[in-house]
Amino acid sequence: MVVSPRLGFAGRGWAGFSTAVRLGWAVSSNWTRPLLFVIYAIVRPISTALILVVMYTVIIGGGGARTYLAFLVIGTAFWAFVNEGVSEFAVGILEDRGRFKMLKYAYLAPQRFPVYLVGRASSKLTSAAASVLIVLVVATVGLRLPVDPLKVDYGLLAIACLLAFISVMAFSIALSMVLLAGRDAYGYGEIMAQVLYIFSGAIFPIAVLPGPLAFLASLSPLVYWLELCRRAILHGRVYQMFPTLSDEQVLVRLALATVGTVAVGYLTYLWADRQARRKGYVDMDANF
């Protein structure tokens, strides 16, 4: 990335960040034509939503547990942010090193390396936003969920998503740096995303987990984020994981969990970055 020396600190930071975002979009689209990539980005989440509709219609018969159906649909839709932020981002950083052989140049660029990582992660989270919206619309229409766009608490939804994005970004960056230690670490990001899928309350309440696992799950910001997303969209017309807590109390827990995730992620990043520099992981020959 080329940054003019005449730009101030903020200007250089923005230039590095925007360049990393554009690079992330280009890699995700495999440098194809924008229109073709947009079509793919729309068709993929629609197919996911239609699969969900067909599964529910065939297995349940279109009736019955509507509250759990709404719980499942919203958890599945918003999980696109975590999947893109954890699995796809980790793969992207490993591709930068093993496939494109350019991660070392990002390290050597005049812009600080964390700015590059945040930009790459932001491109993944931005592309996931369209997937979330499409899945919600298609599943709502196909399954006739009680979602009224005029009654959604967009303020609560925006705050919850912002905190969750910060958490996902901090976790993803730390994970990607740790995976640099592996010569053949392809697929580990997806494994971690699936582990989080089970412990996040996306497909079933964490109360069904064994006691120690349920306690560990309650430390994750993802649990409170999905709870607030469901409350903001359906206003109580959905199964709640924390029925005794108010929206404000759940939001406070989300904020505290986010602070903890960022702190642990930052310390992990510092340690992994020091190891990568000292042991040569950044430009290590990797199987891909």
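Inspect region 207-224 for any residue being within 30 Å of ASP148 (Cβ to Cβ) and either open to solvent by 40 Å² or more (accessible area, probe 1.4 Å) or in contact with a His (Cβ under 7 Å, 6 or more places away or on another chain) (or both) and give the result as yes or no.
yes
Being surrounded by 20 or more Cβ atoms within 10 Å (Cβ to Cβ) and modelled with pLDDT under 80 is the requirement here; does GLU95 meet it?
For GLU95, the condition - surrounded by 20 or more Cβ atoms within 10 Å (Cβ to Cβ) and modelled with pLDDT under 80 - is not met.
Identify, from the list ALA257, ALA232, the residue that is small (Gly, Ala, Ser), touching a Pro at 6+ places or on another chain (Cβ under 9 Å) and either surrounded by 14 or more Cβ atoms within 10 Å (Cβ to Cβ) or modelled with pLDDT under 90 (or both).
Just a single option satisfies the conditions, and that option is ALA257.
Among (1) farther than 14 Å from ILE159 by Cα; (2) of a type outside the set (Asp, Glu); (3) open to solvent by less than 80 Å² (accessible area, probe 1.4 Å); (4) modelled with pLDDT of 90 or more, which single condition is ALA202 missing?
It fails just one condition, (4).
When residues of region 248-272 are filtered for being charged (D, E, K, R) and touching a helix residue (DSSP H, G or I) at 6+ places or on another chain (Cβ under 6 Å), how many remain?
1
Looking at region 99-138, which of its residues are in contact with a helix residue (DSSP H, G or I) (Cβ under 7 Å, 6 or more places away or on another chain), among the aliphatic types (A, V, I, L, M) and under 18 Å from ILE166 (Cβ atoms)?
Those that are in contact with a helix residue (DSSP H, G or I) (Cβ under 7 Å, 6 or more places away or on another chain), among the aliphatic types (A, V, I, L, M) and under 18 Å from ILE166 (Cβ atoms): VAL115, LEU117, VAL118, ALA121, LEU125, ALA128, VAL132.
Answer with yes or no whether PHE171 is of a type in the set (Phe, Trp, Tyr), closer than 22 Å to PRO221 by Cα and not in a helix (DSSP H, G or I).
no
Which condition breaks for ASP153 when tested against (1) of a type in the set (D, E, K, R); (2) under 15 Å from GLY92 (Cα atoms); (3) at pLDDT 80 or above?
Only one criterion is unmet by ASP153, namely (2).
Of all residues in region 260-288 being on the phi < 0 side of the Ramachandran plot and outside any helix (DSSP H, G or I), which is surrounded by the most Cβ atoms within 10 Å (Cβ to Cβ)?
Only one residue fits best here, namely TYR281.
Determine if region 142-158 includes at least one residue that is open to solvent by less than 50 Å² (accessible area, probe 1.4 Å), in a helix (DSSP H, G or I) and β-branched (Val, Ile, Thr).
Scanning region 142-158, I find no residue that is open to solvent by less than 50 Å² (accessible area, probe 1.4 Å), in a helix (DSSP H, G or I) and β-branched (Val, Ile, Thr), so the answer is no.
Residues in region 119-133 that are in contact (Cβ under 8 Å) with a residue 60 or more places away in the chain, under 20 Å from LEU50 (Cβ atoms) and open to solvent by 30 Å² or more (accessible area, probe 1.4 Å): how many?
Number of matching residues: 2.
Going by the conditions given, is VAL137 modelled with pLDDT of 80 or more and outside any helix (DSSP H, G or I)?
The answer is no for VAL137.
Return the pair list, or none, for Cβ contacts closer than 6 Å from residues in region 69-91 that are farther than 17 Å from ILE134 by Cβ to residues that are among the aromatic types (Phe, Trp, Tyr), at least 6 apart or on different chains.
PHE71/TYR239
Is region 113-129 home to any residue that is at pLDDT 70 or above, aliphatic (A, V, I, L, M) and over 23 Å from GLY265 (Cβ atoms)?
No.
The values are calculated or read from the model by the stated rules, or taken from the named source; none is laboratory data. Everything numeric here is computed off the predicted structure, so don't read it as measured data. FYI the Cβ positions are ideal-geometry reconstructions off the backbone, even for glycines, and counts take in every protein chain you see. SASA here: full protein model, heavy atoms, side chains in, ligands and nucleic acids out. Shrake-Rupley method; radii C 1.70, N 1.55, O 1.52, S 1.80 Å.
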